[in-house]
1. Which of the residues spanning region 206-222 are touching a residue at least 40 places away in the same chain (Cβ under 8 Å) and surrounded by fewer than 21 Cβ atoms within 10 Å (Cβ to Cβ)?
2. Among the strands (runs of 3 or more DSSP E) contained in region 1-115, which hold 1 or more residues that are crowded, with 20+ Cβ neighbours inside 10 Å and not hydroxyl-bearing (Ser, Thr, Tyr)?
3. Hey, can you tell me all the residues within region 174-200 that are in a loop (DSSP other than H, G, I, E, B) and either open to solvent by 10 Å² or more (accessible area, probe 1.4 Å) or of a type in the set (S, T, N, Q) (or both)?
4. If we keep just the residues of region 299-347 that are in a helix (DSSP H, G or I) and aromatic (Phe, Trp, Tyr), which is farthest from Thr100 (Cα to Cα)?
5. Checking the condition in contact (Cβ under 8 Å) with a residue 60 or more places away in the chain, assigned to a helix (DSSP H, G or I) and within 25 Å of Ile288 (Cβ to Cβ), which residue from Pro169, Pro155 passes?
6. Kindly indicate whether Ile109 is in contact (Cβ under 8 Å) with a residue 24 or more places away in the chain and in contact with a Phe, Trp or Tyr (Cβ under 6 Å, 6 or more places away or on another chain).
7. Being closer than 20 Å to Lys166 by Cα, outside any strand (DSSP E or B), at pLDDT 95 or above and of a type in the set (Gly, Ala, Ser), is that true of even one residue in region 431-452?
Amino acid sequence: PTMAHSKAHLVLENFIGGKFLPCSSYIDSYNPSTGDVYCSVPDSGKEEVEAAVKAAKDAFPVWSSKSPLERSQILNKLADLIEHDLEAFAQAESKDQGKTIMFARTVDIPRAVYNFRFFASSILHHTTECTEMATMGCVHYTSRAPVGVAGLISPWNLPLYLLTWKIAPAIACGNTVVAKPSEMTSVTAWMMCKLLDKAGVPHGVVNMVFGTGTKAGEALVCHPDVPLISFTGSTLTAQRIMEKSAPHCKRLSLELGGKNPAIVFDDANLTQCIPTTLRSSFANQGEICLCTSRIFVQRGIYSEFLKRFVAEAKKWKVGNPSDPTVDMGALISKEHLEKVRSYVKKAQAEGARVLCGEGVDSLALPTGYEKGYFMLPTVIAEVKDESCCMQEEIFGPVTCVVAFDTEEEVIKRANSVKYGLAATVWSSNVGRVHRVAQRLQSGLVWTNCWLVRDLNLPFGGMKASGIGREGAKDSYEFFTEVKTITIKH
């Protein structure tokens, strides 16, 4: 794409060493709710990454020698500035990503603000270990130091929320960063760069390089001076990151996909379970790695659950994301919409029943939004466990509901996928809740709720859902290097 049409819309620039720098080529970014191009994003590569890594390296000695309290004050200031512009950030996130304005306003941007505040606070409370060996006359203690330049690659589903979940702990610990947001949703990251100076973040501490995974992401992962990579995205991309990092022995934190089960036992409280499971299936258009895409319902309540669940799903309003009464916005891209739809077609071809949504109900869109990437909440029943719809991450507003008989059987079936990120269990039997939670191969298990997070606690997945954990202690351990020191006296 040439620069000719740039007058009409937003043109983003890379932020390197405290300056906004133009790029030699750009990529079109679309507004998912209209299908129109709405901004130009730098198509960065080796050269831009090289410059950003150099800026981050140069900034490291000064930033890493600041006290945790000094860094904490700067993080808090940045949080205040984002919060002050919350509405502008929410509008931009909704327009760029397709999510509803309500979701951006109540989830994405407040969480981005909280990410900075949380790590600004937690960085002040980490302590190191010390042991004494009286017989040897020795004392051992540990000290922790920042690692260096952190490469951070974040996805398009919760753009600022997941980017700040990486930037905050990385810089709180004294590292400097080169971040690459998704080329499909770069606007809020660029807006945040405009606030860094005012917050007192020294030049070069946070560098933002925009572009694709294959060009900019690859250059960052392959750079010899970037010892850590934190990535959130697909398992496929993660495999490539591991291969490219191997020659450099980089430390990796990978938060990948999920095929998350909800298990509804016959003693579940359906008045709580149904609205929460609708949210866990369809919130943010189903584009959250923690979304529920396999619902196992005990046979005794299966037909009642299905009837009520489908009736409620049909009430969800899909349309213009900036309309505050809308429940679901547009999917991220035309290609992604096609991919999600193809799973529904496959399910039908395999003999499953599509009870509502895609291909069953018609979607009336408001004027101006007819070309947007919208899809109705879709519920599929009678899907076989081995179907790709039950095995692969769809990452859209599609959920499969199947029946089960026994606790033993459902645990086995819930565990029979390659992923292991999150699970939800619905039951009023405390003993059962604990038993099932213990046996699910899942990094997170919610019972009788969904997406209730304490940022102190480890976040991450098992199996193909990733490597490592993030949270107060876990992020601190990832973003620092530990040293054991022994003194003989």
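1. The answer is Thr212, Gly213, Lys215.
2. Passing ranges, in order: 14-16, 26-31, 36-42.
3. Asn175, Ser182, Glu183, Met184, Thr185, Ser186, Gly200
4. Tyr302
5. Pro169
6. For Ile109, the condition - in contact (Cβ under 8 Å) with a residue 24 or more places away in the chain and in contact with a Phe, Trp or Tyr (Cβ under 6 Å, 6 or more places away or on another chain) - is met.
7. Among the residues of region 431-452, at least one is closer than 20 Å to Lys166 by Cα, outside any strand (DSSP E or B), at pLDDT 95 or above and of a type in the set (Gly, Ala, Ser), which makes the answer yes.
The values are calculated or read from the model by the stated rules, or taken from the named source; none is laboratory data. Treat the numbers as computed from the prediction; the structure is a model and nothing was measured. All Cβ positions, even for glycine, are placed from backbone atoms using ideal geometry, and neighbour counts span all protein chains on display. When the accessible area is computed, the model is the full protein with side chains, heavy atoms only, and any ligands, DNA or RNA have been set aside. Shrake-Rupley method; radii C 1.70, N 1.55, O 1.52, S 1.80 Å.
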